[in-house]
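The values are calculated or read from the model by the stated rules, or taken from the named source; none is laboratory data. Computed from a predicted structure; not experimentally measured. Cβ placement follows ideal geometry from the backbone for every residue including glycine, while neighbour counts extend to all protein chains displayed. Accessible surface is based on the protein model in full, side chains and every heavy atom, while ligands, DNA and RNA are left aside. Shrake-Rupley method; radii C 1.70, N 1.55, O 1.52, S 1.80 Å.
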Amino acid sequence: MLLADGLALMALGYFSVGVTVPAALGAAGSLLAWRWQAVQDWLGRAALRRKLWRVGWGLLLLWAVSVAAFWAVLARQMGGHAAATIRPAPQAILVLGSGTTQGQPSPALRERLDKALEVALAYPQAWVVVSGGVDFGETLSEGQVMGNYLRAQGLDARRILQEERSTSTELNLRYSLPVLQAQGLGPDAAVALVTSDFHTVRAQRIARKAGYTRTIPVAAPTPLSIRYNAWLREYFAFAAGWVLDEW
């Protein structure tokens, strides 16, 4: 099942760690099942091998428990305001990028943009900043694709500001700040931060580290087809952010 999940998503163009890790685990498990008896015979010829085998399974179990614990905490903490309940009224709506395919928003990014459009219609005075550069395998910047999508949905093009250099959440926020400042909005401006539901916790922490003082999280739903792969990717992203002092 893990291998099939990974292969199906990779066929659709998803190659994040949340996809490749389950695929690798599924491939390893399938190979082990196929060669189980040969592996047991090999282990039986040396006590040290059997000991390391048990240690390896123990470490895998501890890792799986840590993922489950992280998911439980994430599920309790993730979320954000609905469009009608944002207080104070946002002066800007900042939409974080999430990948594109052949010049179109990925399913997760489309959910973010639809949520941003909902907020933009509720607060017509707010600027809309779409943030994302050209990532691996892309030809157009995510900012351009996001702007195109919102304009096609009927949002006034004069409200849309595009940041097209960033390739991470940290850079989304850092590079979007000068875009806001060009419109007279500083780090203390009320900014509705639109991202996927699982991403709101980390995005808020990174925003504070980047200098934003009044961000309001707005959560977009994550498509079920990629939800748990996205949660696994977030597990690794939290760990990497802690190591790299991103938040």
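Okay, residues lined up against (1) of a type in the set (Val, Ile, Thr); (2) within 18 Å of GLN91 (Cα to Cα); (3) in contact (Cβ under 8 Å) with a residue 60 or more places away in the chain:
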residue: TYR175; (1), (2), (3): no, yes, no
residue: ALA182; (1), (2), (3): no, yes, no
residue: ILE206; (1), (2), (3): yes, no, no
residue: ALA240; (1), (2), (3): no, no, no
residue: TRP247; (1), (2), (3): no, no, no
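With respect to the numbered conditions (1) modelled with pLDDT of 95 or more; (2) in contact with a strand residue (DSSP E or B) (Cβ under 8 Å, 6 or more places away or on another chain); (3) crowded, with 19+ Cβ neighbours inside 10 Å, which one is the sole condition not fulfilled by ALA108?
(1)
Name the residue that is nearest to the chain's Cα centre (by Cα), counting only residues in the range 215-236 that are buried (at least 20 other Cβ atoms within 10 Å of the Cβ) and small (Gly, Ala, Ser).
ALA230
Out of the residues in the range 115-127 that are open to solvent by 60 Å² or more (accessible area, probe 1.4 Å) and not in a strand (DSSP E or B), state the one that is farthest from ASP156 (Cα to Cα).
Going residue by residue through the range 115-127, those that are open to solvent by 60 Å² or more (accessible area, probe 1.4 Å) are 118, 121, 124-125, 127.
Next cut, not in a strand (DSSP E or B) only: 118, 121, 124-125.
Values: GLU118: 13, LEU121: 10, PRO124: 10, GLN125: 11 Å.
Result: GLU118.
Within the range 82-97, can you find the residues that are surrounded by 17 or more Cβ atoms within 10 Å (Cβ to Cβ) and either over 15 Å from the mean Cα position of the chain (by Cα) or of a type outside the set (Gly, Ala, Ser) (or both)? Working first, answer last.
At the first step, the residues of the range 82-97 found to be surrounded by 17 or more Cβ atoms within 10 Å (Cβ to Cβ) are 83, 86, 90-97.
Across the range 82-97, the qualifying residues are ALA83, ILE86, PRO90, GLN91, ALA92, ILE93, LEU94, VAL95, LEU96.
Of the numbered conditions (1) closer than 30 Å to VAL130 by Cα; (2) open to solvent by 40 Å² or more (accessible area, probe 1.4 Å); (3) among the small types (Gly, Ala, Ser), GLY44 satisfies every one except a single condition; which is it?
(1)
Name every residue in the range 230-247 that is part of a helix (DSSP H, G or I) and more than 17 Å from SER66 (Cβ to Cβ), in order of residue number. If you could, list the steps in order and put the result at the bottom.
First pass over the range 230-247, keeping only residues part of a helix (DSSP H, G or I): 230-243.
Once the filter is applied, which keeps residues that are part of a helix (DSSP H, G or I) and more than 17 Å from SER66 (Cβ to Cβ), the range 230-247 yields only ALA230.
All but one of (1) open to solvent by 20 Å² or more (accessible area, probe 1.4 Å); (2) hydroxyl-bearing (Ser, Thr, Tyr); (3) assigned to a loop (DSSP other than H, G, I, E, B) hold for SER166, so report the exception by its number.
Of the numbered conditions (1) open to solvent by 20 Å² or more (accessible area, probe 1.4 Å); (2) hydroxyl-bearing (Ser, Thr, Tyr); (3) assigned to a loop (DSSP other than H, G, I, E, B), the odd one out for SER166 is (1).
Can you tell me which residue among ALA75, ALA108, ALA92, ALA84 is out of contact with any Leu (no Cβ under 6 Å at 6 or more places or on another chain), closer than 19 Å to ALA203 by Cα and touching a residue at least 12 places away in the same chain (Cβ under 8 Å)?
ALA108
Specify the residue that is least open to solvent (accessible area, probe 1.4 Å); the eligible residues are those in the range 12-39 that are in a helix (DSSP H, G or I) and aromatic (Phe, Trp, Tyr).
The first filter runs over the range 12-39 and keeps only residues in a helix (DSSP H, G or I), leaving 17-34, 36-39.
If we keep only those that are aromatic (Phe, Trp, Tyr) as well, we get 34, 36.
Details: TRP34: 187, TRP36: 112 Å².
So, considering only residues that are in a helix (DSSP H, G or I) and aromatic (Phe, Trp, Tyr), the one least open to solvent (accessible area, probe 1.4 Å) is TRP36.
Among LEU185, LEU150, LEU161, which is outside any strand (DSSP E or B), modelled with pLDDT of 95 or more and surrounded by 19 or more Cβ atoms within 10 Å (Cβ to Cβ)?
Working: LEU185 fails: surrounded by 19 or more Cβ atoms within 10 Å (Cβ to Cβ); LEU161 fails: outside any strand (DSSP E or B).
When all the criteria are applied, what remains is LEU150.
If I ask for residues that are touching a helix residue (DSSP H, G or I) at 6+ places or on another chain (Cβ under 8 Å), small (Gly, Ala, Ser) and either under 13 Å from ILE226 (Cβ atoms) or not in a helix (DSSP H, G or I) (or both), which ones from the range 1-11 would you list?
Within the range 1-11, the first condition is being touching a helix residue (DSSP H, G or I) at 6+ places or on another chain (Cβ under 8 Å), and the residues that meet it are 1-7, 9-10.
Keeping just the survivors that are small (Gly, Ala, Ser) gives 4, 6.
The one that is touching a helix residue (DSSP H, G or I) at 6+ places or on another chain (Cβ under 8 Å), small (Gly, Ala, Ser) and either under 13 Å from ILE226 (Cβ atoms) or not in a helix (DSSP H, G or I) (or both): GLY6.
Working only within the range 128-140, note down all residues that are open to solvent by less than 10 Å² (accessible area, probe 1.4 Å) and in a loop (DSSP other than H, G, I, E, B). Spell out how you get there, then give the answer.
First, pick out the residues of the range 128-140 that are open to solvent by less than 10 Å² (accessible area, probe 1.4 Å): 128-133.
GLY132, GLY133 - these are the residues of the range 128-140 that are open to solvent by less than 10 Å² (accessible area, probe 1.4 Å) and in a loop (DSSP other than H, G, I, E, B).
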